[in-house]
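Report on one structure; see the data block that follows.
Nothing in this text is a laboratory measurement; each read-out follows from the coordinates by a stated rule. It should be emphasised that the depicted structure is a prediction, and the values quoted were computed from it without experimental measurement. Cβ placement follows ideal geometry from the backbone for every residue including glycine, while neighbour counts extend to all protein chains displayed.
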Amino acid sequence: MDCRTKIKDLRERTGMNRKEFCGYFQIPYRTVTDWELGNRHAPDYVLRVLEYYILMQNWTEEDKCED
């Protein structure tokens, strides 16, 4: 799975929109936007950490974080 697909999939698993996702994980909005558009690539370790954290939180759209 390429970076752009992976980051969008991870974000959608949380049920958050891009702004909420960026705020929660403290990643600049422009960075996530560039990742999702394929303009930049997230480092592999960032994708792994996000995936692990989301998996451990067992997030589904119904469990959407309200922070």
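Kindly provide the set of residues from segment 31-45 that are assigned to a helix (DSSP H, G or I), free of Cβ contacts under 8 Å to residues at least 24 places away in the same chain and touching a helix residue (DSSP H, G or I) at 6+ places or on another chain (Cβ under 9 Å), ordered by number.
Correct list: 31, 33, 44.
List every residue pair whose Cβ atoms lie under 7 Å apart, where the two residues are 6 or more positions apart in sequence or sit on different chains, the first residue falls within segment 1-16 and is among the charged types (D, E, K, R), and the second residue, located anywhere, is in a loop (DSSP other than H, G, I, E, B). Going by the 7 Å Cβ cut-off, the qualifying pairs are 4/38; 13/59.
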